[in-house]
1. Determine the principal axes of the Cα atoms in segment B:157-211, then give the extent along each, sorted from largest to smallest and rounded to whole angstroms.
2. At a Förster radius of 30 Å, what calculated FRET efficiency corresponds to the Cβ-Cβ distance of residue B:217 and residue A:183, to the nearest 0.05?
3. Report the Rg/Rh value for segment A:92-157, based on alpha-carbon coordinates and the Kirkwood definition of Rh.
4. Take chain A, compute every pairwise Cα distance, and split them into 5 Å bins from 0; I just need the percent in each bin.
5. Got the relative contact order for chain B handy, in percent, Cα pairs under 8 Å and 6 or more residues apart?
6. Just to confirm the number: angle between the C-alpha axis of helix A:133-150 and the first principal axis of chain A, 0 to 90 degrees, nearest 10?
7. Just to be sure I follow: if Rg is taken over the C-alpha atoms of segment A:1-69 and Rh is the Kirkwood radius over the same atoms, what is Rg/Rh?
8. Across peptide B:77-90, what mean number of C-beta atoms from other chains lies inside 10 Å of a residue's C-beta?
DNA sequence: CCGAGTTAGAGTCACAGTGACTTTAACATG
DNA sequence: CATGTTAAAGTCACTGTGACTCTAACTCGG
């Protein structure tokens, strides 16, 4: 445990997910912001936002910081994904990257900045990235789709309150398949992961839909000893 | 990503699980080997086996090496657990620990060495450990019990072939509850995660039991892009 | 050599959850 | 005010599961 300063650098990167309408079809799909590398190796290539771990910050803090610095976004959900540390993953030097994945609200992603060096890509068709970041993106997408089916993280893409149709749209966008509205309603309501409010959403040319709110208490139970929280500001991880 | 040598040390530790009979009851329970620290901080305390990451080895390699050096064991299963990196988890210096968890066969654990500085503990009642290792053990146990229910890792505790009763005994030991033999058989056989051999195991004072073998092909599908393998020697992780 | 004891392994039954589908409610729009 | 649209509730057949029963095939004690 008592290591002297080794020739191994430690970096923290983050895969950021948001839902945005597809270019042509207009349907919601999964997008992520990438940053252009300005130095070697892989100068000019797109890569995940991140940077070296500062000695005075926790891992999740570092992820949130670099995430905010490059994209000006604040995540609704932030969880550690994996530590990538193969010897040859960075040409020339040895870098171990601890990667986080984050979910941001769609409305926030809509007003996100796009600059010369920050651009949004559809998660399923990112270009060839720097380092092993294509593998990382693939793994993060797999985790997102996996976790959506047994956990309740979909609300992190939405606002404080939402209709069940909106929640279903999130599921459909992530899982890339249509879901039966009636069955979806039955499952979500039965799981207790959301709680109905007394407000309805009118305006559509149809019957008004009830607004629901995420039920934190019912979901905190199955998170294990590390207790991943779904709020910004509060960091999670080891104690 | 291009970090200069920071004041952050990087270590790799491993939580090793094996099944051994309980001291009094004789029933199988989950055990783990711990090593006694011989230097500060926490000198004298028990801790997870591990050490600093060498620049020329992958993360999983480092886990397997320190595991073998201290306990002389070779794991049947080795998977990354989590990266612990809170600022104050190690007094005085900043250490980020990438923790793996491993499963070893029961018969191998039976002949494992016990020295002054290496001792086996029951996983549910380890003493107060060094650093945040109690939290790490708790999380690893949670992952083990969680993953046993949706994946097929139980065979890693057993030999090449095994009866369904032996496999059920592993599940009962890990989950700490009895399972109905008939229902367990139905589920395991239906899942296709094991395949029957043509051999029977005689010798018990009852009807002979068929020996089964782990079905690698049927289980490799749902492991995600990282493809966690269940064999020693072969390392997994990022490419 | 036989009966008792034990576990292997197959089978039964009631019940809960799910996918596919139908029906009614309540809005906006033309 | 008729029409289109989605909300929300309800129906039905099917599947997997927990609890349980029954038969098979061995070892061991007498």
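Quick note: the coordinates plus some simple rules give every number you see, no bench work behind them. Note that the structure is predicted; figures quoted are calculated from it, not measured. When we count neighbours, we look across all protein chains shown, and the Cβ atoms used for this are built from the backbone with ideal geometry, even at glycine.
1. Result for segment B:157-211: principal-axis Cα extents of 28, 26, 21 Å.
2. Working: r = 33 Å, r/R0 = 1.09.
After rounding to 0.05, the efficiency reads 0.40.
3. 1.00
4. Whole-percent P(r) values from 0 Å outward: 1, 6, 13, 17, 18, 16, 11, 8, 5, 3, 1, 1, 0, 0.
5. Working: 396 pairs, mean separation 50.7, N = 239.
Normalised by residue count, the contact order of chain B is 21 percent.
6. Helix A:133-150 sits roughly 30 degrees off the main axis of chain A.
7. Numbers: Rg = 16.2 Å, Rh = 14.5 Å.
With Rh from the inverse mean 1/r over Cα pairs, Rg/Rh is 1.12.
8. On the way: counts 0, 0, 0, 4, 1, 7, 14, 6, 14, 8, 7, 2, 4, 2.
Mean shielding by partner chains, rounded to a whole number: 5.
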